[in-house]
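Student: Before I ask anything, let me first share the structure, which is written out below as C-alpha cells.
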Amino acid sequence: MNIAIIKYNAGNVASVMYALDRIGAKYTWTDDEKVIQAADKVIFPGVGEASTAMAYLKEKKLDQLIPTLKQPVLATCIGMQLLCKHSEENNTDCMGVFDVNIIRFQSTALKIPHIGWNSIKAHGENDLMKGLNETEFVYFVHSFYAPVYQDTSAICNYIQPFSAMLQKDNFFAAQFHAEISGKVGQKIIQNFLDL
Amino acid sequence: MLTKRIIPCLDIKEGRTVKGTNFVDLRDAGDPVELGAFYAENGADELVFLDITATIDNRKTLVELVRQVARQVNIPFTVGGGIGSIEDVSALLNAGADKVSINSSAVRRPGLIDELALQFGSQCIIVAIDTRFVDGVDWVHTHGGRNITAIKTIEWAKEVEQRGAGEILLTSMDTDGTKAGFANQLTAEISTNASIPIIASGGAGTMEDFYDIFTLGKADAGLAASIFHFKEIEINALKNYLAKKGIPMRI
C-alpha cells in the first residue's frame, strides 16, 4: 500500500511516521500533487496554528487538491480543523470538507488548552473505532474544537461535548493525536489503513 | 472526563538510565528505550526523560536516544535537561519528542519561552520550575536546585504562562527525595491561578500522596521517579487505587 503524508508547515510529523513504522506501513512525506493523488491512503497530520497552515496550503495549491481527493483521507488535530469550514483561530477560512466551524473553548473553571487523556465515545457511523470499546481513552492537546454535528463520529466531553472524530464519505478526522494514543490510537490508524 | 496523569521520570546520563531500577523482567534496566516502552505498556500516561549531564558532547547521544524512544513508545514523551536554544528544541522535536522542558535557560533569558512558543506552539513547551522555601517565601532555584534566584515562584509561574508555556512542571526541592508527600499547598496556589496544566513533582512516597496532590494540590499530573523504578509503587495499582477514590484515571 502506498500512503502519502501531506507535507506542509504544521508541526513535526516524526511521531506519525514512527506510528506507521510500528504498524509496518510504508509512506511518502510529500507536497507533490501527483504523488498525493496517486496514493492509496492520504494522511493529513499537523500541530500548529490555522492561519499560517492555510496560507502555506494555498501557496502550494493543496487547499484545492485535498477536498477533491477520492481515496480515504485521515486528518488529525490541526489537519482536522483545516478540513472544516472556518476556524476562529485568527479568523481563518478553511477547506470546508466538513460543514462545521471551529471555535475556541471558553471556560473560567476548566483549563485551556485541553491537554491529556480523555474518553471518546463512538457516535453514529464510525469505521475507525471498529474492534474498540464504545468508550476509549485518547490523548488530546487543543484549544479550539468542532461542535457536535451531523458528521460527528465520536464525542468527547470537555467544558461541553465536542467532535472528537468526524467522518464523511472518504474523509476521516480525529481531533486527538492517534499516533501517541497508545494501543487505542494504533488500532484507529490500523483501521484506517485497512479501509 | 479528562483524567489526571501519572508520569514516571527517567534520568539519563550519556544515553543510559541512571539511579537504576529493580525491574527484573527487563533485559537491560539501564536502557531508557526499553524502560520507557515498559512504562508505556504498564499504565504510564506520559514519560519524561531528563538528561542530567546535558553537555554539548551528549547532545547527539540524546537526539539519537529520542529517536529510538519515539520509534518504540506510543504515548507522549517530554525531553528536558540543558535545552537553551531554538536549535536544541528543533533537533529534539524532529527526532520525535512530543514536548521539551526548559528550566535554567528560561530563568536566564525569559524571552526564550516566547520564542519557542511562537516557533513550535505552546503545546510542546513545558517550563520546569524548581522551587525552595527560604525565609518564608517560595523562590525559584536553578541548576538542579542549587542556586537561589531573586524570583518568587508564584510570580514566575504567572510569567511563564503569559509568555506561552503550555504546561508547568513544578518541583519542590523541599519535598524532593523525602518521600513525605508532594508540596500540596504551593502546587494548589499555583494551579488555581494558572489556566495551563501543572505537573507536580517531588516527594511522592505513597499512593495517598498522589491522592493528596490531585485533591489538595489541584495538580493535573503527578510525576515521580524512584518509587516507580524500584517498584515501591506500580503505576497500574496506583491508578486503580486513585480511580476507586474518585480521581479520574485512564485505566
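Every residue, every condition in (1) modelled with pLDDT of 95 or more; (2) among the hydrophobic types (A, V, I, L, M, F, W, C); (3) under 17 Å from the mean Cα position of the chain (by Cα), yes or no:
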position	(1), (2), (3)
A:Val13	no, yes, yes
A:Lys34	yes, no, no
A:Ile43	yes, yes, yes
A:Gly48	no, no, yes
A:Met54	no, yes, yes
A:Leu69	yes, yes, yes
A:Met80	yes, yes, yes
A:Lys85	yes, no, yes
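Student: Sticking with this structure for a sec: Filter segment B:111-120 for residues that are in contact (Cβ under 8 Å) with a residue 40 or more places away in the chain and crowded, with 21+ Cβ neighbours inside 10 Å; which is nearest to the other protein chains (Cβ to nearest Cβ)?
Tutor: B:Leu116
Student: Another one. If a residue must be surrounded by 17 or more Cβ atoms within 10 Å (Cβ to Cβ) and in a loop (DSSP other than H, G, I, E, B), how many such residues does segment A:133-142 contain?
Tutor: The qualifying residues number 0.
Student: Exactly one of (1) farther than 25 Å from B:Gly96 by Cα; (2) touching a residue at least 24 places away in the same chain (Cβ under 8 Å); (3) away from chain B (no Cβ under 14 Å) is unmet by A:Thr28. Its number?
Tutor: Status for A:Thr28: all satisfied but (1).
Student: While we're looking at this one, here's another question. Give me a count of the residues in segment A:80-123 that are of a type outside the set (S, T, N, Q) and within 14 Å of chain B (Cβ to nearest Cβ).
Tutor: So the answer is 14.
Student: Hey, can you tell me all the residues within segment B:29-52 that are without any contact (Cβ under 8 Å) to a residue 40 or more places away in the chain, in contact with a strand residue (DSSP E or B) (Cβ under 6 Å, 6 or more places away or on another chain) and in a loop (DSSP other than H, G, I, E, B)?
Tutor: B:Gly30
Student: May I ask you to list the residues in segment B:155-186 that are away from chain A (no Cβ under 14 Å), β-branched (Val, Ile, Thr) and not in a loop (DSSP other than H, G, I, E, B)?
Tutor: Within segment B:155-186, B:Val160, B:Thr171 qualify.
Student: Among the helices (runs of 4 or more DSSP H) lying completely within segment B:53-134, list those that include at least 1 residues that are closer than 20 Å to B:Pro32 by Cβ. Lay out the reasoning, then the answer.
Tutor: Numbers: elements: B:56-72, B:86-94, B:104-108, B:111-120.
It comes to B:56-72, B:86-94.
Student: Do we have any residue at all in segment B:126-148 that's within 14 Å of chain A (Cβ to nearest Cβ), in contact (Cβ under 8 Å) with a residue 60 or more places away in the chain, surrounded by 18 or more Cβ atoms within 10 Å (Cβ to Cβ) and touching a strand residue (DSSP E or B) at 6+ places or on another chain (Cβ under 6 Å)?
Tutor: yes
Student: Here's something else I'd like to know. For segment A:22-77, give me every one of the strands (runs of 3 or more DSSP E) that falls completely inside it and has 2 or more residues that are crowded, with 18+ Cβ neighbours inside 10 Å.
Tutor: A:41-44, A:73-76
The values are calculated or read from the model by the stated rules, or taken from the named source; none is laboratory data. All values derive from a computational prediction rather than experimental measurement. We place every Cβ from the backbone using ideal geometry, glycine too, and count neighbours over all the protein chains shown.
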